[in-house]
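**Student:** Here's a structure for you.
The values are calculated or read from the model by the stated rules, or taken from the named source; none is laboratory data. None of these values were measured; they are calculated from a predicted model. Because the Cβ atoms are built from the backbone with ideal geometry, glycine has one as well, and the counts that use them run over all protein chains shown. What goes into the accessible areas is simple: the full protein's heavy atoms, side chains included, and nothing from ligands, DNA or RNA. Shrake-Rupley method; radii C 1.70, N 1.55, O 1.52, S 1.80 Å.
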Amino acid sequence: MTSTGPLRDPANRVSPKAVRLWLLQALVVFVLLLGGSLAVARWVGGSGWSWVPGWFADHSWLLPAAVVVLGLPFLAAEPFVRYAVHRWELSGDVVYARSGFLTREWVFVPVSRIQTVDKGQGWFERLLGLATLEIRTASHAGSSTIRGLDYAVAAGLAEQLAHRAEALRDDAT
């Protein structure tokens, strides 16, 4: 059976707290980039090295300024766009997930093919009460990761998927 209509969005959004998670992660990367650019600018600015172009040595402050000008809009917009895109759904015997910020990815995982369901939390996720659910099949292409779920939702979904996958495997034997 083939479908000729557009692919519909999965029904469930990730947790609204995921916006804070992604903002926090982007802020850490921004601070590291800014710190690195400040260090490079200071190092190059007073070096007097002949291989460094004179205009750059004289205006090395342009490097951290460029990081701020280019990084702040991305830092402000990315978490909200990412929240609007990331969705998931457990429909019948298929897990359907959509993710991606710059590139979009739609993944359909048949529950009967699931081998493991892993729930994990990084530092920031634990701080915000969020979790990541990794659904693995024998094929890497059939696996899926759902980030930004409330911890209770991830735990419940992991348990539900494990029970469904076990029931479907038992029916197949």
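**Student:** I'm told Thr145 meets every condition in (1) among the polar types (S, T, N, Q); (2) modelled with pLDDT under 90; (3) in contact with a Ser or Thr (Cβ under 8 Å, 6 or more places away or on another chain); (4) open to solvent by 40 Å² or more (accessible area, probe 1.4 Å) except one. Can you identify the failing condition by its number?
**Tutor:** With respect to (1) among the polar types (S, T, N, Q); (2) modelled with pLDDT under 90; (3) in contact with a Ser or Thr (Cβ under 8 Å, 6 or more places away or on another chain); (4) open to solvent by 40 Å² or more (accessible area, probe 1.4 Å), Thr145 is out only on (2).
**Student:** How many residues, within segment 11-32, are assigned to a helix (DSSP H, G or I) and either under 24 Å from Trp106 (Cα atoms) or touching a strand residue (DSSP E or B) at 6+ places or on another chain (Cβ under 8 Å) (or both)? Working first, answer last.
**Tutor:** In the first step, residues of segment 11-32 are kept if they are assigned to a helix (DSSP H, G or I); the result is 17-32.
If we keep only those that are either under 24 Å from Trp106 (Cα atoms) or touching a strand residue (DSSP E or B) at 6+ places or on another chain (Cβ under 8 Å) (or both) as well, we get 17-23, 25-26.
Final tally of qualifying residues: 9.
Yes/no per residue for (1) at negative phi; (2) at pLDDT 90 or above; (3) charged (D, E, K, R); (4) open to solvent by less than 50 Å² (accessible area, probe 1.4 Å):
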{"residue": "Asp9", "(1), (2), (3), (4)": "yes, no, yes, no"}
{"residue": "Ala39", "(1), (2), (3), (4)": "yes, yes, no, no"}
{"residue": "Trp51", "(1), (2), (3), (4)": "yes, no, no, no"}
{"residue": "Gly54", "(1), (2), (3), (4)": "yes, no, no, yes"}
{"residue": "Lys119", "(1), (2), (3), (4)": "yes, yes, yes, no"}
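**Student:** Output the number of residues of segment 88-131 satisfying the condition of being part of a strand (DSSP E or B) and basic (Lys, Arg). Can you show your working first?
**Tutor:** Here is the first cut: in segment 88-131, the residues part of a strand (DSSP E or B) are 88-91, 94-99, 105-110, 114-120, 130-131.
In the following step, the residues that additionally are basic (Lys, Arg) were identified as 98, 119.
Going through segment 88-131 one residue at a time, the tally reaches 2.
**Student:** I'd like the full set of residues that are modelled with pLDDT under 90, in contact with a helix residue (DSSP H, G or I) (Cβ under 8 Å, 6 or more places away or on another chain) and open to solvent by 30 Å² or more (accessible area, probe 1.4 Å), limited to segment 121-142.
**Tutor:** Those that are modelled with pLDDT under 90, in contact with a helix residue (DSSP H, G or I) (Cβ under 8 Å, 6 or more places away or on another chain) and open to solvent by 30 Å² or more (accessible area, probe 1.4 Å): Ala138, Ser139.
**Student:** Okay, moving on. Hey, can you tell me all the residues within segment 66-79 that are surrounded by fewer than 12 Cβ atoms within 10 Å (Cβ to Cβ) and either closer than 13 Å to Val19 by Cα or touching a Gly at 6+ places or on another chain (Cβ under 9 Å) (or both)?
**Tutor:** Of everything in segment 66-79, just one residue is surrounded by fewer than 12 Cβ atoms within 10 Å (Cβ to Cβ) and either closer than 13 Å to Val19 by Cα or touching a Gly at 6+ places or on another chain (Cβ under 9 Å) (or both), namely Ala76.
**Student:** Can I ask one more? Keeping to segment 97-116, report how many residues are touching a residue at least 40 places away in the same chain (Cβ under 8 Å) and within 22 Å of Lys17 (Cβ to Cβ).
**Tutor:** So the answer is 3.
**Student:** So is Val85 open to solvent by less than 50 Å² (accessible area, probe 1.4 Å) and free of Cβ contacts under 8 Å to residues at least 40 places away in the same chain or not?
**Tutor:** Considered against the rule, which asks whether it is open to solvent by less than 50 Å² (accessible area, probe 1.4 Å) and free of Cβ contacts under 8 Å to residues at least 40 places away in the same chain, Val85 comes out as yes.
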